[in-house]
Amino acid sequence: MPWYYFNNSDKSLAYMSTDGKLADSEILKLGDITERYQETHPEIPSNRSDEYKDLYILDDDTLGLRTDCTRINTKYNKRLLLDFLQMYGPLDEIDRPADFDLKLNMCYDQLTNDVTDEFLSGEIISMARKREIIAELGIG
């Protein structure tokens with residue numbers, strides 16, 4: 001029986017208790033919060049299954065994942081980084097987005113250096129090779 005606790009000011013990442021409601025002393029430590037009880041855990045899209053703790057109170061007042069947020073080091077985020085590298089890696093620097101270097105640093109941190117360098121080699125990476133990389137990284 002999951003209970004979810006959200007920060008009231010920004011509806012940030014939920015705290016979850018799977019074994020019932022938190023003790024009042026624990027709730028006080030969290031500060032100004034909204035409590036939610038759900039009989040079953042909200043359904044998480046299969047491509048974001050490792051983000052089950054990243055729940056928010058959505059605009060329609062339900063619990064779910066925000067599509068504009070991803071957590072670093074999740075499988076989903078790593079696949080997004082691969083998409084980014086595949087799209088912008090082969091281009092000249094002038095054609096890359098302004099935040100390319102920031103994303104590139106994230107790629108080196110979250111993907112292997114070999115994979116990142118392969119995407120930056122100037123060669124176009126085929127979808128077949130990309131699927132191999134996804135399997136090698138275990139983020140399928």
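Can you find a residue in the stretch 88-96 that is in a helix (DSSP H, G or I), farther than 30 Å from residue 134 by Cα and over 17 Å from the mean Cα position of the chain (by Cα)? Before the answer, list the steps.
First, pick out the residues of the stretch 88-96 that are in a helix (DSSP H, G or I): 88, 93-95.
Narrowing the set further to residues that are farther than 30 Å from residue 134 by Cα leaves none.
No, every residue in the stretch 88-96 fails to be in a helix (DSSP H, G or I), farther than 30 Å from residue 134 by Cα and over 17 Å from the mean Cα position of the chain (by Cα).
When the stretch 99-140 is examined, which residues are found to be of a type in the set (Ser, Thr, Tyr) and either at pLDDT 95 or above or not in a loop (DSSP other than H, G, I, E, B) (or both)? If you could, list the steps in order and put the result at the bottom.
First pass over the stretch 99-140, keeping only residues of a type in the set (Ser, Thr, Tyr): 108, 112, 116, 121, 126.
Matches in the stretch 99-140: 108, 116.
Taking the options 96, 79, 66, 71, name whichever one is surrounded by 11 or more Cβ atoms within 10 Å (Cβ to Cβ), over 30 Å from residue 16 (Cβ atoms) and either hydrophobic (A, V, I, L, M, F, W, C) or at pLDDT below 95 (or both). Working first, answer last.
Numbers: 79 fails: over 30 Å from residue 16 (Cβ atoms); 66 fails: over 30 Å from residue 16 (Cβ atoms); 71 fails: over 30 Å from residue 16 (Cβ atoms).
The match here is 96.
Please verify whether residue 79 is closer than 25 Å to residue 3 by Cβ, in a helix (DSSP H, G or I) and out of contact with any strand residue (DSSP E or B) (no Cβ under 7 Å at 6 or more places or on another chain), treating the condition exactly as stated. Show your work before the answer.
On the way: closer than 25 Å to residue 3 by Cβ: no; in a helix (DSSP H, G or I): yes; out of contact with any strand residue (DSSP E or B) (no Cβ under 7 Å at 6 or more places or on another chain): yes.
For residue 79, the condition - closer than 25 Å to residue 3 by Cβ, in a helix (DSSP H, G or I) and out of contact with any strand residue (DSSP E or B) (no Cβ under 7 Å at 6 or more places or on another chain) - is not met.
Can you tell me which residues in the stretch 13-50 are within 29 Å of residue 75 (Cβ to Cβ) and charged (D, E, K, R)?
Across the stretch 13-50, the qualifying residues are 19, 36, 39, 43, 48, 50.
Can you confirm whether residue 129 is touching a residue at least 12 places away in the same chain (Cβ under 8 Å) and of a type in the set (D, E, K, R)?
On the way: touching a residue at least 12 places away in the same chain (Cβ under 8 Å): no; of a type in the set (D, E, K, R): yes.
No: the conditions fail for residue 129.
Any residue that is out of contact with any strand residue (DSSP E or B) (no Cβ under 9 Å at 6 or more places or on another chain), assigned to a helix (DSSP H, G or I), in contact (Cβ under 8 Å) with a residue 12 or more places away in the chain and under 16 Å from residue 2 (Cβ atoms) - is there at least one of those in the stretch 51-64?
Here is the first cut: in the stretch 51-64, the residues out of contact with any strand residue (DSSP E or B) (no Cβ under 9 Å at 6 or more places or on another chain) are 51, 54, 59-62.
Then keep just the ones that are assigned to a helix (DSSP H, G or I); that gives 51.
Keeping just the survivors that are in contact (Cβ under 8 Å) with a residue 12 or more places away in the chain gives 51.
Going one step further and asking which of them are under 16 Å from residue 2 (Cβ atoms), we end up with 51.
Checked against the condition, which is being out of contact with any strand residue (DSSP E or B) (no Cβ under 9 Å at 6 or more places or on another chain), assigned to a helix (DSSP H, G or I), in contact (Cβ under 8 Å) with a residue 12 or more places away in the chain and under 16 Å from residue 2 (Cβ atoms), the stretch 51-64 yields at least one hit.
Does residue 119 fit the bill of being under 16 Å from the mean Cα position of the chain (by Cα) and either outside the structural domain of residue 51 (by TED's automatic domain parsing) or without any contact (Cβ under 8 Å) to a residue 12 or more places away in the chain (or both)?
Against the criterion (under 16 Å from the mean Cα position of the chain (by Cα) and either outside the structural domain of residue 51 (by TED's automatic domain parsing) or without any contact (Cβ under 8 Å) to a residue 12 or more places away in the chain (or both)), residue 119 does not qualify.
What are the residue pairs meeting all of these: first residue in the stretch 27-40, first residue assigned to a loop (DSSP other than H, G, I, E, B), second residue among the hydroxyl-bearing types (Ser, Thr, Tyr) and exposed (fewer than 13 other Cβ atoms within 10 Å of the Cβ), Cβ atoms under 7 Å, and 6 or more apart or on different chains?
Here the result reads 32/9, each pair linking the stretch 27-40 to a residue that is among the hydroxyl-bearing types (Ser, Thr, Tyr) and exposed (fewer than 13 other Cβ atoms within 10 Å of the Cβ).
Assess whether residue 36 counts as being farther than 30 Å from residue 126 by Cα, surrounded by 11 or more Cβ atoms within 10 Å (Cβ to Cβ) and outside the structural domain of residue 127 (by TED's automatic domain parsing). Step through it out loud before you land on a result.
On the way: farther than 30 Å from residue 126 by Cα: yes; surrounded by 11 or more Cβ atoms within 10 Å (Cβ to Cβ): yes; outside the structural domain of residue 127 (by TED's automatic domain parsing): yes.
So residue 36 fits the description; yes.
I'd like to know if the stretch 102-113 contains one or more residues that are within 30 Å of residue 36 (Cβ to Cβ), in contact (Cβ under 8 Å) with a residue 12 or more places away in the chain and among the basic types (Lys, Arg). Steps first, please.
From the stretch 102-113, those within 30 Å of residue 36 (Cβ to Cβ) are none; that's our starting set.
Among the residues of the stretch 102-113, not one is within 30 Å of residue 36 (Cβ to Cβ), in contact (Cβ under 8 Å) with a residue 12 or more places away in the chain and among the basic types (Lys, Arg), which makes the answer no.
The values are calculated or read from the model by the stated rules, or taken from the named source; none is laboratory data. Just so you know, these numbers come straight off a predicted model, no measurement behind them. Cβ coordinates were reconstructed from backbone atoms using ideal geometry, including for glycine residues, and neighbour counts include every protein chain displayed.
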